[in-house]
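Here is the structure we will look at, set down as structure tokens.
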Amino acid sequence: IAVRPGDQLDPAKLVEQLVSFGYRREYQVEHRGEVAVRGSIVDVFPSTADVPVRIDLWGDEVDRLTEFSVTDQRATDPLDCAEIFPCREVLPTDEVRARAAELVRAEPWGRDQWERLAEGLTFDGMESWLPWLVDEEHTIVDLLGPDAQVLLVEPRRMRDRAGELADEEAALAATLAQTWGASAERGFPRLHLPFDRLLAHTRAPVWTVVPAADSPDTPAVQATGWDPVLGDPERLGRQVADLVQRRFTVVVAADGKGSAARLAGLLAEQGISLPVVEDGQAPPTRPRDGAGTGWVEVQPLERGFVLPELHLAVLVESDVTGRRRPHRRPRPRRTDAQAFFDDLQPGDYVVHHQHGVARYGGMVKRAIGGAERDYLLLEYRGGDKLYVPSDQIDAVRHYTGGDTPAVSRLGGAEWQRTKARVKAAVREIAEELVALYRARIATPGHAFPSDTPWQGELEEAFPYEETPDQAKAIADVKADMERDTPMDRLVCGDVGFGKTEIAVRAAFKAAQDGKQTAVLVPTTLLAQQHFQTFSERFAGYPVRVEVLSRFLTPAQAKRVVDGLADGSVDVVIGTHRLLSTDVRFRDLGLLVVDEEQRFGVTHKEAIKRLRTNVDVLTLTATPIPRTLEMSLTGIRDLTILNTAPPERQPILTYVGEYDERPVGEAVRRELLREGQVFFVHNRVADIDRVAARLKELVPEARIAVAHGQMDEGQLERVVLDFWEGGYDVLVCTTIIESGIDMPTVNTLVVDR
């Protein structure tokens, strides 16, 4: 469907056609494949678009055509044309529905899916059943005419990958057959076709790009893939020197300026001088004697290659480091969501500064004194109503508490008593905080110097693209560290939004000035995770990272404590063991507190004594009310990470009655992809029975049990073994902690 400004269209027929295309009609468009109608406006999120489209109609004419933001639902850029493609590869046509109805009788093991397809429903994963619903398969090359051309890049690798996909599909079919009650030994229609079928009917000429050693006589482009050196500078030097000697032009493509300088330095150490070419500079020309040449420039390429016929070789940074870096930059946010006041919706809880908590009843018109005005209707306990003039909306605020509040009584003294209690509590907290922060302000801190070249190299080596919020937080933290007053900053962001990388860069900045860093975490598992992250990021630099937790033997712990005392340990990650009286720092410059709300009162008192004259960086996903209040009132600096990483995948949630078949299917799918599963149960009393039943459903799974009534050391050991891959499924109560990252867990099953 193509829509342009000025087109004539019937909105009802448009929506009907979109629904037939597989789009879901929703109240508000937030995801791809959704359509919503609000009066004369039709919102749709095309399946192939990055942003949704708003069609504003004047009667049957398209008056305006714009993109809009799903964050605040506001229109952004105008469009000349919107192309809307179907969002399903399987559409519920009459033929598909009839075929599905036949399968209900012929293949009863898949009755649930066949009945949904026969009823014309659309659902996630319905494309998996495509081979059962058609007689003839179609591939994209079947659509090509004789004037097209087909280019196969390394067909041997393509054939191998096609075989892997076919094997994976066969393994999945055999695995799920046990769950759905079908015979695993029978044949199943295939979603992936054999590689030879790809070009069976094409009339287009076929070209190939193959390694030169595979078929030297083939009339095709010949490319020899670069042999990665993966951190071996001597081998790198030998390969580059060999190419230069053979009169090749060697281009080294780096991910950033710091990486480019470092790669040029590595080559210089091996006796190969390649200049760094900045943006806008012309690369060096080939010498007249035909000798080889080369240079280093910032070009974030994914893979290196060599073209013998052109005497051209390209080496990329990932061939040296072994890290693959995603280079797609996040789409810039056109609007700041915090700058907008969310519209009130009827039923929302609000707070009137004089009369307390009420339920918002909507905007109404009232005629008073012969004049009609708009009023906000607030509903209080006992059926009382308060009409607030629209020009006094500043007196009303959204209720921002976590639980459903008790509605106040209009005209009663209850709200005044509540405000009095809050004022008294605030006064008590303020007296304590004033004394603490007066001492911090009066105490001179250490002013760290500006970034060193190594700091730039470390940051350029970050294998991901920083989000705008993350980049701002990093700049704020480094600016605080360079002041002569102690830093006290709270960084608040969801799991996976990049808080740890902020701490990594701050710790490295402290180490560059000879200062020590202590990273305080609430659990042993989180200490191990941070130790692994910091060690990987600081590899190759003279920075010693250690961990201090209960998993260390007394001799190992003493070695770490002695290293802190004599200054040989630069960064230590530990639990509350760091707060013990025997731990002494030679020159502590930075304290990082992760998930502060998880520490008890005595631990927080020890933290206060530790933080009087050092820079403090607090990381949290769920700040405690006092910490958040201190940040919002300006006592502590606050940075919020709102933007998710660009490659972060959305979480898909399915809710329904408990059924063992979908549970077994979910677990087996995870096992097939070598992933892990959380299975959350709500009672300790019968959690072992649930784990035993799950073992019967999926006997090939390695299952462990964890709950809060276990010994703390045993619990941590089980969770740590699970994190290290010792188990496939962890049957547990709600002990999953927001601060713990389980990178291989892709499925969460919640029982009841």
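The values are calculated or read from the model by the stated rules, or taken from the named source; none is laboratory data. Keep in mind the model is a prediction, meaning the values are calculated, not measured. Because the Cβ atoms are built from the backbone with ideal geometry, glycine has one as well, and the counts that use them run over all protein chains shown. Heads up: the accessible areas ignore ligands, DNA and RNA and are worked out on the full protein's heavy atoms, side chains in. Shrake-Rupley method; radii C 1.70, N 1.55, O 1.52, S 1.80 Å.
Annotations for the structure displayed:
Condition check ((1) under 30 Å from Thr179 (Cβ atoms); (2) modelled with pLDDT of 85 or more; (3) not polar (S, T, N, Q)) across all residues:
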| site | (1), (2), (3) |
| --- | --- |
| Gly59 | no, yes, yes |
| Arg64 | no, yes, yes |
| Ala75 | no, yes, yes |
| Glu95 | yes, yes, yes |
| Trp114 | yes, yes, yes |
| Thr122 | yes, no, no |
| Leu144 | no, no, yes |
| Asp147 | no, no, yes |
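- Residues that are at pLDDT below 80, among the β-branched types (Val, Ile, Thr) and in contact with a Phe, Trp or Tyr (Cβ under 9 Å, 6 or more places away or on another chain), drawn from region 717-748: Ile736, Ile740, Thr744, Val745, Thr747
- Here Asp391 passes the criteria (1) surrounded by 10 or more Cβ atoms within 10 Å (Cβ to Cβ); (2) in contact with a strand residue (DSSP E or B) (Cβ under 9 Å, 6 or more places away or on another chain); (3) in a helix (DSSP H, G or I) except the one numbered (1).
- Close pairs from region 191-206: first more than 14 Å from Asp147 (Cβ to Cβ), partner open to solvent by 50 Å² or more (accessible area, probe 1.4 Å) and assigned to a strand (DSSP E or B), Cβ under 7 Å, at least 6 apart: Leu199/Val206
- Val15 being touching a residue at least 24 places away in the same chain (Cβ under 8 Å), farther than 30 Å from Leu133 by Cβ and of a type in the set (A, V, I, L, M, F, W, C): no
- Total residues in region 286-304, condition open to solvent by 50 Å² or more (accessible area, probe 1.4 Å) and at pLDDT 75 or above: 3
- Within the set Asp615, Asp686, the sole residue that is over 30 Å from Gly708 (Cα atoms), charged (D, E, K, R) and modelled with pLDDT of 85 or more turns out to be Asp615.
- Ala395 more than 19 Å from Gly347 (Cβ to Cβ) and without any contact (Cβ under 8 Å) to a residue 40 or more places away in the chain: no
- Residue ID - least open to solvent (accessible area, probe 1.4 Å), chosen from residues in region 252-282 that are part of a loop (DSSP other than H, G, I, E, B) and without any contact (Cβ under 8 Å) to a residue 24 or more places away in the chain: Pro275
- All positions within region 174-197 that are within 30 Å of the chain's Cα centre (by Cα), open to solvent by less than 40 Å² (accessible area, probe 1.4 Å) and either of a type in the set (D, E, K, R) or within 18 Å of Leu130 (Cα to Cα) (or both): Leu176
- Filter result (charged (D, E, K, R) and in contact (Cβ under 8 Å) with a residue 24 or more places away in the chain) within region 355-392: Arg359, Glu379, Arg381, Asp384, Lys385
- Every pair of residues 6+ apart whose Cβ atoms lie under 7 Å, when the first sits in region 724-735 and is loosely packed, with under 12 Cβ neighbours inside 10 Å while the second is modelled with pLDDT of 85 or more: Thr734/Val680
- Residues that are exposed (fewer than 14 other Cβ atoms within 10 Å of the Cβ) and aromatic (Phe, Trp, Tyr) within region 119-171 comprise just one, Phe123.
- Under the condition of being over 14 Å from Ile640 (Cα atoms) and assigned to a loop (DSSP other than H, G, I, E, B), the residues counted in region 479-507 number 6.
- Scanning region 454-470 turns up at least one residue that is under 26 Å from Leu266 (Cα atoms), in a helix (DSSP H, G or I), hydrophobic (A, V, I, L, M, F, W, C) and open to solvent by less than 10 Å² (accessible area, probe 1.4 Å).
- Scanning region 89-124 for residues that are in a helix (DSSP H, G or I) and aromatic (Phe, Trp, Tyr) turns up Trp109, Trp114.
- From the list Ala692, Ala685, Ala701, the lone residue that is part of a loop (DSSP other than H, G, I, E, B), of a type in the set (A, V, I, L, M) and more than 24 Å from Asp167 (Cα to Cα) is Ala685.
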